[in-house]
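**Student:** Input: one structure, supplied below.
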Amino acid sequence: MIYTRKSPALLIIGLVMLTWGWLNASGSLDGMQAWLQRSAHAEHVKAQAKFDAELRAAAARAAAEGVPAPAMKMPPSRFDEAKAGQARLSWIFGGLAVACGLLILLRTPGRGHVDYYLSVVPGMAWMLLIAFVVRWLLDPVFANWGRDAQATLGFNFATIFNFNYVVLGILAGIVIVNVFGIPAWAANGVRTARLFLKTGVILLGTLYSATELLQLGGLSVAMIGAFVLGSVWIVLALGRRLRTDNSMTAVLSAGMGVCGVSATVAVAPVVNAKPSEIAYTIGTILMWGVGGMFLFPTVGHLLGMGPVQFGAWAGTGILNSAQVAGAALAFDPNGIETLKVAEIFNITRVLFLPLIALWLAAWYVRHEAGAARVDLGHVLFAKFPVFVLGFLFMFLLSSLGAFTPSGHYQGKYFSADEVKREKRLDDRDAAALAGALSQLESPAGRAALQAFLAARSIHVGQHHAEPEDVSTALSGLIAERQMRTRAQDGLLAAVARLPGLDAEARAAIEKAGKAAWHASKTIGAFRDWLAWLFAFGLIGLGMQITGKAMRQAGGVPLFIGGVVGTLKAIGSLLVVLLFVREFV
Amino acid sequence: MSAASPRGLAPATLLLCHHGTRGAAAAADLAVAIALPGLTTVVHCLVVPDLWGGMQGDDWLNDATTRDAFGAYVEKMLAEEARAVSRAIEAQCHARGVDYRAALRFGEPAAVALAVAAEVGADLCVIGPPRRRGEAGLRSRMRLERLLRDLPCPLLVASRRSR
């Protein structure tokens, strides 16, 4: 079979990307970019004015001293970097698209690996182009409209209704597939969206600390355990009461209970679900999932939820796993914290899936006369989510220091050896610290410090911190002009919050702490890729949500789904608001 | 064959659009009743609606093996359902001495009916009444306007009572 479709589409996409890159690099779009990126442009204008003034002053000084004017270059502003970033990505991917597009047009198609892999490129480039349009154009346009309409409406509709690049990307995917359909040349590439989402989850593994993973893991196992088992049980009970077929009840309980469409796909063959039952279940789940993805973030903002609370709620209450990721990013499009929490919940759900499949298989065999026995071992093995191992592997590599020194948190790590000379404390800082030290060693200072350390329960290693520990840490900082150990940094960072401490000394401690903490470029790059991988993957998944499938929701399955979906959403919201606190 | 031709009511090729719904059963009864033994061949057009194309939804957690197993399972179940429907109509046709042929296609129902009608040179097309709102069954309506506009032969719609 030949997979690649001969079409100029990829070449055209590549040329559009290259043109965008060239227009940005040449400054032809500066007027439009200034409107799109208002705040970055405002900063840019201020920085430019400041730089011009410095340049004039330097030139005047040089003229007065009779020396040549110094060569000065304005450092790139956020606005410049954003434009350069757009140009760079457009050139890289536009160039690749043009090369592959020409290959598709000029090559004589033949069977084999080259044909197969080439066939996915047009669809991937198409999704990427949509991601560019959404992220670089639609997202800032809606943000501007939201701000402009705020005075009239009294609220920012773009923030409240989460019209950011994630939601707009999914919407773009849904609109495209339902209005125009997916073109044949793009079909293979669009299917790769799943691969990119899984890659995103695997990379996400690099951003957790062991403590965080343990805390989130415990919370997710407790919540998912209670709500998954609870909703599966309620659907089974309601199904028996309303006398729906056993296969219908079983497949619906998997979909409503575990991870939506994915659970339905995994469980349907195990419980011999009929096609119409599969259609009712998937229709019901998609309707609830898409609804939840828009509703949850709005409610989360209105209730002032934090990343852990919202991630836990979305991860438990939204029926479908794809929409959990969508809702988490819709709630917090510029950070990764909510996504981190929500994905742990998604991973826990998918780990529950083989167990639920086993339970339902056993339930079905017990209740359905003449049902064939199921190989439970095979079910458990076949449904195990292998990509979770990739996530754990990346977490392990990251924790062991493969990408950046171990002990880092989200790519930030402590290193005394990497403190730059110019970042070390100067004489003025040292004098301020010496003053603070003598103040803390005075009887009144010592008493205040002791009370502060006890009240805040500040530790050094395993023991409670004492004023002597603070004296040693401060003396060390004054002598070395930099932090030497993480314990010293932690203790002094806590002491910096002591009421009445000299402001200059506090600033010096903060300066020394900042100089000793470094950001890993590798983990930073992973973070950037993550946002793109999820945006790209969710656009592709949006293209899998068809109105025709959603329209199949109806009848008793919709009633049962409605009852259980509502109970799960409200129940998990109450649990989260009452018992879950922020710790990420 | 033009709509004015008498062959419409003595069809050599009668296209029966039927995919197992209650309305379609009325269409099958009507088609078999109209068919002339020794003259008419009933071409049974079974449509697997294109809504199944989107039936893996946005699943992304399963691996390709699980999705392939699901796809193969759904295909097998749909084929079994189609075979059962086909066997029932075939038995009805043979009981009246009418020839029978099945045409199983995937796609949008009206588009498939038009394509099969053109392919087999249908003299008459028989369909069931549209489903009433709220009636059980998959939501995959035949787009009647498109069928009426482009069908190359007369169209007969069975009444709900003819069953």
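The values are calculated or read from the model by the stated rules, or taken from the named source; none is laboratory data. Everything numeric in this text was worked out from a predicted model, so none of it was measured. Because the Cβ atoms are built from the backbone with ideal geometry, glycine has one as well, and the counts that use them run over all protein chains shown.
**Student:** In this structure, does A:ALA237 turn out to be at pLDDT 90 or above, over 25 Å from B:ARG139 (Cβ atoms) and in a helix (DSSP H, G or I)? Walk me through it before giving the result.
**Tutor:** Values: at pLDDT 90 or above: yes; over 25 Å from B:ARG139 (Cβ atoms): yes; in a helix (DSSP H, G or I): yes.
When the stated conditions are applied, A:ALA237 passes them.
**Student:** Taking the options A:ARG5, A:ARG56, A:ARG61, A:ARG78, name whichever one is out of contact with any Cys (no Cβ under 6 Å at 6 or more places or on another chain) and under 30 Å from A:GLY146 (Cα atoms). Lay out the reasoning, then the answer.
**Tutor:** Details: A:ARG5 fails: under 30 Å from A:GLY146 (Cα atoms); A:ARG56 fails: under 30 Å from A:GLY146 (Cα atoms); A:ARG61 fails: under 30 Å from A:GLY146 (Cα atoms).
When all the criteria are applied, what remains is A:ARG78.
**Student:** If you don't mind, there's one more thing I want to ask. Do the conditions hold for A:GLY306, that is, is it more than 9 Å from chain B (Cβ to nearest Cβ) and closer than 17 Å to A:LYS568 by Cβ?
**Tutor:** Numbers: more than 9 Å from chain B (Cβ to nearest Cβ): yes; closer than 17 Å to A:LYS568 by Cβ: no.
Answer is no for this residue.
**Student:** Follow-up question, since we're still on this one. Looking only at the range A:108-132, which residues are free of Cβ contacts under 8 Å to residues at least 24 places away in the same chain and either of a type outside the set (Val, Ile, Thr) or within 19 Å of A:LEU15 (Cα to Cα) (or both)?
**Tutor:** Selection gives A:GLY112, A:HIS113, A:TYR117.
**Student:** While we're on this one: Need the failing condition index for B:ILE89 against (1) away from every other protein chain (no Cβ under 12 Å); (2) in contact (Cβ under 8 Å) with a residue 40 or more places away in the chain; (3) surrounded by fewer than 18 Cβ atoms within 10 Å (Cβ to Cβ), just the number.
**Tutor:** The number of the failed condition is (3).
**Student:** Could you please find all residues in the range A:24-40 being farther than 19 Å from A:PHE142 by Cα, part of a helix (DSSP H, G or I) and of a type in the set (Ser, Thr, Tyr)?
**Tutor:** If the condition is that a residue be farther than 19 Å from A:PHE142 by Cα, part of a helix (DSSP H, G or I) and of a type in the set (Ser, Thr, Tyr), then A:SER26 is the only one that fits.
**Student:** Let me ask another. Among the listed residues A:LEU355, A:LEU440, A:LEU380, which satisfies the condition of being more than 22 Å from A:SER209 (Cα to Cα) and not assigned by TED's automatic domain parsing to the domain that holds A:LEU252? Reasoning before the result, please.
**Tutor:** On the way: A:LEU355 fails: not assigned by TED's automatic domain parsing to the domain that holds A:LEU252; A:LEU380 fails: not assigned by TED's automatic domain parsing to the domain that holds A:LEU252.
Within the list A:LEU355, A:LEU440, A:LEU380, the selection yields A:LEU440.
**Student:** Select from the range A:358-387 the residues that are within 32 Å of the chain's Cα centre (by Cα) and not hydrophobic (A, V, I, L, M, F, W, C) and write down the one among them that is nearest to B:ALA69 (Cα to Cα).
**Tutor:** A:LYS383
**Student:** For a quick check of your reading of the model, give me the residue pairs whose first member lies in the range B:127-145 and is free of Cβ contacts under 8 Å to residues at least 12 places away in the same chain and at the interface with chain A (Cβ under 8 Å from one of its Cβ atoms), whose second is assigned to a loop (DSSP other than H, G, I, E, B) and surrounded by 12 or more Cβ atoms within 10 Å (Cβ to Cβ), with beta-carbon atoms closer than 9 Å and at least 6 apart or on different chains.
**Tutor:** B:ALA136/A:GLY554
**Student:** I would also like to ask the following. Going by the conditions given, is A:VAL265 under 14 Å from the mean Cα position of the chain (by Cα), part of a helix (DSSP H, G or I) and either closer than 26 Å to A:ILE202 by Cα or away from chain B (no Cβ under 11 Å) (or both)? First the steps, then the outcome.
**Tutor:** On the way: under 14 Å from the mean Cα position of the chain (by Cα): no; part of a helix (DSSP H, G or I): yes; either closer than 26 Å to A:ILE202 by Cα or away from chain B (no Cβ under 11 Å) (or both): yes.
For A:VAL265, the condition - under 14 Å from the mean Cα position of the chain (by Cα), part of a helix (DSSP H, G or I) and either closer than 26 Å to A:ILE202 by Cα or away from chain B (no Cβ under 11 Å) (or both) - is not met.
**Student:** Still on this structure, please answer the following. Determine the pairs where a residue that is in a helix (DSSP H, G or I), located within the range A:543-567, has a partner that is aliphatic (A, V, I, L, M) and surrounded by fewer than 18 Cβ atoms within 10 Å (Cβ to Cβ) with Cβ atoms under 9 Å apart, the partner being 6 or more residues away or on another chain.
**Tutor:** A:GLY555/B:ALA136; A:VAL556/A:LEU242; A:PHE559/A:LEU242; A:ILE560/A:LEU242
**Student:** Go through the range A:309-343 and give me each residue that's within 14 Å of chain B (Cβ to nearest Cβ) and either over 19 Å from A:LEU171 (Cα atoms) or of a type outside the set (A, V, I, L, M, F, W, C) (or both).
**Tutor:** The answer is A:GLY315, A:ASN320, A:SER321, A:GLN323, A:GLY326, A:ALA342, A:GLU343.
**Student:** With (1) within 14 Å of chain B (Cβ to nearest Cβ); (2) at pLDDT 85 or above; (3) surrounded by fewer than 16 Cβ atoms within 10 Å (Cβ to Cβ) as the list, and A:ASP417 as the residue in question, which single condition is left unmet?
**Tutor:** Against the list (1) within 14 Å of chain B (Cβ to nearest Cβ); (2) at pLDDT 85 or above; (3) surrounded by fewer than 16 Cβ atoms within 10 Å (Cβ to Cβ), A:ASP417 comes up short only on (1).
**Student:** Let me ask something additional. Out of curiosity, is A:GLY260 within 14 Å of another protein chain (Cβ to nearest Cβ), closer than 19 Å to A:VAL166 by Cα and at pLDDT below 90?
**Tutor:** Working: within 14 Å of another protein chain (Cβ to nearest Cβ): yes; closer than 19 Å to A:VAL166 by Cα: no; at pLDDT below 90: yes.
So A:GLY260 does not fit the description; no.
**Student:** Do we have any residue at all in the range A:332-341 that's buried (at least 24 other Cβ atoms within 10 Å of the Cβ), outside any strand (DSSP E or B), hydroxyl-bearing (Ser, Thr, Tyr) and touching a helix residue (DSSP H, G or I) at 6+ places or on another chain (Cβ under 8 Å)?
**Tutor:** Within the range A:332-341, one or more residues are buried (at least 24 other Cβ atoms within 10 Å of the Cβ), outside any strand (DSSP E or B), hydroxyl-bearing (Ser, Thr, Tyr) and touching a helix residue (DSSP H, G or I) at 6+ places or on another chain (Cβ under 8 Å).
**Student:** Then there is this: What about A:GLY411, is it surrounded by 16 or more Cβ atoms within 10 Å (Cβ to Cβ), touching a strand residue (DSSP E or B) at 6+ places or on another chain (Cβ under 8 Å) and not assigned by TED's automatic domain parsing to the domain that holds A:ALA273?
**Tutor:** On the way: surrounded by 16 or more Cβ atoms within 10 Å (Cβ to Cβ): yes; touching a strand residue (DSSP E or B) at 6+ places or on another chain (Cβ under 8 Å): yes; not assigned by TED's automatic domain parsing to the domain that holds A:ALA273: yes.
So A:GLY411 fits the description; yes.
**Student:** Just give me the residues in the range B:112-139 being farther than 17 Å from B:VAL157 by Cα and touching a helix residue (DSSP H, G or I) at 6+ places or on another chain (Cβ under 8 Å), in sequence order.
**Tutor:** Passing the criteria: B:GLU135, B:ALA136, B:GLY137, B:LEU138, B:ARG139.
**Student:** Follow-up. When residues of the range A:503-533 are filtered for being touching an Asp or Glu at 6+ places or on another chain (Cβ under 9 Å) and aromatic (Phe, Trp, Tyr), how many remain?
**Tutor:** So the answer is 1.
**Student:** A:THR566 - would you say it is out of contact with any Ser or Thr (no Cβ under 9 Å at 6 or more places or on another chain) and β-branched (Val, Ile, Thr)? Steps first, answer last, please.
**Tutor:** On the way: out of contact with any Ser or Thr (no Cβ under 9 Å at 6 or more places or on another chain): yes; β-branched (Val, Ile, Thr): yes.
When the stated conditions are applied, A:THR566 passes them.
**Student:** Any idea which residue in the range A:430-476 is surrounded by the most Cβ atoms within 10 Å (Cβ to Cβ), counting only those that are among the hydroxyl-bearing types (Ser, Thr, Tyr) and part of a loop (DSSP other than H, G, I, E, B)? So that I can check it myself, show each step before the final result.
**Tutor:** As a first pass, look at the range A:430-476 and keep what is among the hydroxyl-bearing types (Ser, Thr, Tyr): A:438, A:442, A:457, A:471-472, A:475.
Adding the requirement that they be part of a loop (DSSP other than H, G, I, E, B) leaves A:442, A:457.
Numbers: A:SER442: 11, A:SER457: 8.
Once the filter is applied, the top-ranked residue is A:SER442.
**Student:** Would you tally the residues in the range A:376-391 being away from chain B (no Cβ under 13 Å) and out of contact with any helix residue (DSSP H, G or I) (no Cβ under 7 Å at 6 or more places or on another chain)?
**Tutor:** 1
**Student:** When the residues of the range B:40-55 are filtered to those that are in a helix (DSSP H, G or I) and under 15 Å from B:MET142 (Cα atoms), which remaining residue is farthest from the other protein chains (Cβ to nearest Cβ)?
**Tutor:** From the range B:40-55, those in a helix (DSSP H, G or I) are B:50-54; that's our starting set.
Retained after the next criterion (residues that are under 15 Å from B:MET142 (Cα atoms)): B:50-51.
Values: B:ASP50: 7, B:LEU51: 4 Å.
So, considering only residues that are in a helix (DSSP H, G or I) and under 15 Å from B:MET142 (Cα atoms), the one farthest from the other protein chains (Cβ to nearest Cβ) is B:ASP50.
**Student:** Criterion first (free of Cβ contacts under 8 Å to residues at least 60 places away in the same chain, in contact with a strand residue (DSSP E or B) (Cβ under 9 Å, 6 or more places away or on another chain), buried (at least 17 other Cβ atoms within 10 Å of the Cβ) and away from chain A (no Cβ under 14 Å)) does B:ALA102 satisfy it?
**Tutor:** It is true that B:ALA102 is free of Cβ contacts under 8 Å to residues at least 60 places away in the same chain, in contact with a strand residue (DSSP E or B) (Cβ under 9 Å, 6 or more places away or on another chain), buried (at least 17 other Cβ atoms within 10 Å of the Cβ) and away from chain A (no Cβ under 14 Å).
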